[in-house]
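The values are calculated or read from the model by the stated rules, or taken from the named source; none is laboratory data. Quantities reported herein were computed from a predicted structural model and do not represent experimental measurements. Virtual Cβ from ideal backbone geometry, glycine too; neighbours counted across all protein chains shown. Remember, those area values only see protein heavy atoms, side chains included, never the ligands or the DNA or RNA. Shrake-Rupley method; radii C 1.70, N 1.55, O 1.52, S 1.80 Å.
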Amino acid sequence: MTERITNWAGNVVFEAKTVHRPTSVDEVRRLVESGGPLRVLGSGHSFNRMADTPGGLVVLADLPRIFEVSADRASVRIDGGVRYGELAPLLQSQGLALHNTASLPHISVAGAIATATHGSGALNANLATAVSSIELVTGAGDLVTISRDNPDFPGVVVHLGALGVIVALTLDVQPTFDVRQYVYDDIPRAAIEASLLQMLADGYSVSLFTDWKSLDANMAWLKRRADDPMSGDWFGAHPADGPRHPVPGMPAENSTQQGGEPGPWHTRLPHFRMEFTPSAGDELQSEYHVARSDAPAAIDAVAAIRAQVAPVLQVSEIRSIAADELWLSPNYRRDSVALHFTWIADTDAVLPVVGALEAQLAPLAARPHWGKVFTTAPASLRTLYPRLSDFAALAASFDPDGVFRNEWLSAILSAD
């Protein structure tokens with residue numbers, strides 16, 4: 001392969017010999033029928049070797065765009081290559097909206113769903129829960145459709161690329177709505193200790209940002225429906241005196257509009273503007289989900305080693321996500337709080353801290369985000385994700401010859 005291809009952050013150089021860019025579903029089927037190993041690569045926003053393969057990478061960005069709104073305007077059918085930044089304006093033009101979006105608009109919809117990526121909001125489940133139907137090419141090259149009435153559906157949606165190539169999806173939609181975004185500076189530690197879960201529920205979507213250099217939080221980003229405005233101080237924090245970037249000191253021009261000015265959902269729910277499409281990210285990321293009731297203990301666990309965390313950290317984000325029934329979702333059957341860590345781009349410096357962080361959070365049964373940097377042993381994942389064995393059996397039925405297997409996936413699915 002003459003094309004050198006990396007993930008978005010550049011910390012993974014893929015071993016693939018070939019990059020395939022099919023332009024039709026039939027071409028995808030022929031490609032799969034010709035044999036593996038194959039892996040599908042979305043926007044490359046995974047920070048581990050989930051998408052790696054010694055065979056061929058399949059990039060779906062050149063599939064024909066599909067945008068079909070149902071007659072009852074309750075769902076939309078889309079192709080497997082579209083990104084949130086492309087889909088959201090199309091929905092808005094039809095007076096429709098998703099229940100939530102990814103923080104970065106360049107992320108592919110299918111890729112976000114495959115890894116149970118999420119937005120924020122105590123009442124909002126992750127992005128994969130919007131799926132009502134998946135159309136995929138299995139390891140045998142068959143085109144199948146799995147809908148909510150299929151008993152395998154909860155195992156199929158968050159699939160880690162193990163079941164096949166997702167060529168189309170149907171998503172739940174709702175009438176469009178406007179959102180106001182507010183930013184508050186300097187949230188006191190005492191308020192976090194007393195009111196963390198109230199904070200995370202005080203808006204349609206709420207994020208706390210901290211660099212762990214102190215026990216206070218740097219900022220809170222509150223996204224509220226336009227008919228639910230706010231004013232004044234917030235849990236002892238003061239309104240920001242201007243626009244902010246999530247990472248302290250970074251320029252704010254690419255952040256979505258703040259200050260409480262109302263705007264359509266897709267221009268406020270992401271942290272970054274739709275027209276901002278970063279070509280590379282000078283960072284690594286990790287993320288861990290704990291039961292919502294354990295969130296204060298998780299904050300204390302990180303605080304106990306913040307002297308190790310802060311030197312290799314750009315920023316940490318704390319969000320709440322509602323429970324779901326998807327087998328490999330970090331939010332499976334428990335309302336959750338996610339602790340996200342954006343690290344500096346130094347793997348050797350970051351990995352020991354990730355290990356220390358996982359040891360701190362282990363008593364809380366912290367589930368790692370599949371697409372991030374983590375060192376949790378595969379055997380431990382079987383305990384954290386109780387349907388993982390069922391998913392391994394499902395993967396074997398969809399891909400009996402292992403066309404979509406790679407070393408990373410095999411370790412997870414075969415763990416005792």
(request) Considering each residue of the stretch 71-107, count those that are of a type in the set (S, T, Y), modelled with pLDDT of 95 or more and part of a helix (DSSP H, G or I), and give that number. (result) 1
(request) Of all residues in the stretch 226-251, count the ones that are open to solvent by 20 Å² or more (accessible area, probe 1.4 Å) and touching a helix residue (DSSP H, G or I) at 6+ places or on another chain (Cβ under 9 Å). (result) 2
(request) Read through the list (1) closer than 14 Å to S133 by Cβ; (2) open to solvent by less than 20 Å² (accessible area, probe 1.4 Å), then give the number of the only condition that P154 fails. (result) (2)
(request) Identify all residues within the stretch 279-299 that are outside any strand (DSSP E or B), open to solvent by less than 20 Å² (accessible area, probe 1.4 Å) and within 24 Å of P251 (Cβ to Cβ); write none if there are none. (result) G281
(request) Return yes or no: is A102 closer than 24 Å to L160 by Cβ and open to solvent by 10 Å² or more (accessible area, probe 1.4 Å)? (result) no
(request) May I ask you to say which residue of L384, L351, L313 is hydrophobic (A, V, I, L, M, F, W, C), within 27 Å of P270 (Cα to Cα) and either open to solvent by 20 Å² or more (accessible area, probe 1.4 Å) or under 20 Å from the mean Cα position of the chain (by Cα) (or both)? (result) L313
(message) If the requirement is being part of a helix (DSSP H, G or I), at pLDDT 95 or above and either open to solvent by less than 20 Å² (accessible area, probe 1.4 Å) or of a type outside the set (G, A, S) (or both), which of these qualifies: V302, V373?
(response) V302
(message) Every residue in the stretch 2-15 that is open to solvent by 30 Å² or more (accessible area, probe 1.4 Å) and at negative phi, please.
(response) T2, E3, R4, T6, N11, V13, E15
(message) G35 - would you say it is touching a residue at least 12 places away in the same chain (Cβ under 8 Å) and at positive phi?
(response) yes
(request) Take the residues in the stretch 16-50 that are within 13 Å of I166 (Cβ to Cβ) and part of a loop (DSSP other than H, G, I, E, B), then tell me which one is least open to solvent (accessible area, probe 1.4 Å). (result) P22
(request) For residues that are without any contact (Cβ under 8 Å) to a residue 60 or more places away in the chain and touching a Lys or Arg at 6+ places or on another chain (Cβ under 7 Å), scanning just the stretch 370-416, find the one that is nearest to L328 (Cα to Cα). (result) Y385
